[in-house]
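Reading through the structure tokens given below for one structure.
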């Protein structure tokens with residue numbers, strides 16, 4: 001498990017390659033990359049409490065590791081001011097089998113959106129505002145509690 005909360009951008013290809021490097025047991029790698037949408041958004045600022053955020057992300061990954069047989073997990077979440085088209089988050093998972101890799105990647109992202117302490121402010125033509133949690137994100141996370 002490797003977790004980073006950082007201002008710097010990341011190389012998706014290098015992160016994906018590292019998930020299976022020197023691991024003959026890795027049969028699948030699943031990944032997700034989140035981007036800043038450009039529709040109506042001029043910039044986005046992400047804030048966090050460092051120690052609290054890393055602990056929350058580690059707890060989310062630990063839950064995924066308990067549910068599925070995973071070989072490696074990599075989570076990167078950027079903070080600071082980001083512009084449309086820039087990468088925000090990377091979640092990558094390697095496993096022996098695709099089902100575990102897909103499911104764990106989706107689970108980590110769903111929980112990250114609802115349980116990790118990040119605060120998001122969007123800058124639009126109408127001004128800047130803090131973004132509230134979305135019901136659709138909560139619903140996505142809740143489905144994992146029913147054992148899906």
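The values are calculated or read from the model by the stated rules, or taken from the named source; none is laboratory data. Treat the numbers as computed from the prediction; the structure is a model and nothing was measured. Every residue, glycine among them, receives a Cβ derived from its backbone with ideal geometry; neighbour counts consider all protein chains shown.
Scanning region 55-67 for residues that are crowded, with 18+ Cβ neighbours inside 10 Å and either in contact with a strand residue (DSSP E or B) (Cβ under 7 Å, 6 or more places away or on another chain) or without any contact (Cβ under 8 Å) to a residue 40 or more places away in the chain (or both) yields 57, 61, 64. In this structure, does residue 47 turn out to be more than 14 Å from the chain's Cα centre (by Cα) and part of a strand (DSSP E or B)? The answer is yes for residue 47. Among the residues of region 2-10, is any surrounded by fewer than 18 Cβ atoms within 10 Å (Cβ to Cβ), touching a strand residue (DSSP E or B) at 6+ places or on another chain (Cβ under 6 Å) and either closer than 16 Å to residue 107 by Cα or free of Cβ contacts under 8 Å to residues at least 60 places away in the same chain (or both)? Within region 2-10 (the criterion being surrounded by fewer than 18 Cβ atoms within 10 Å (Cβ to Cβ), touching a strand residue (DSSP E or B) at 6+ places or on another chain (Cβ under 6 Å) and either closer than 16 Å to residue 107 by Cα or free of Cβ contacts under 8 Å to residues at least 60 places away in the same chain (or both)), the answer is yes, since at least one residue qualifies.
Testing residue 108 on (1) at pLDDT 95 or above; (2) surrounded by fewer than 19 Cβ atoms within 10 Å (Cβ to Cβ); (3) not in a strand (DSSP E or B), one condition comes back false. Which one is that? The failed condition is (2). Just one residue in the set 34, 92, 85 is modelled with pLDDT of 95 or more, part of a strand (DSSP E or B) and surrounded by fewer than 21 Cβ atoms within 10 Å (Cβ to Cβ); that residue is 34.
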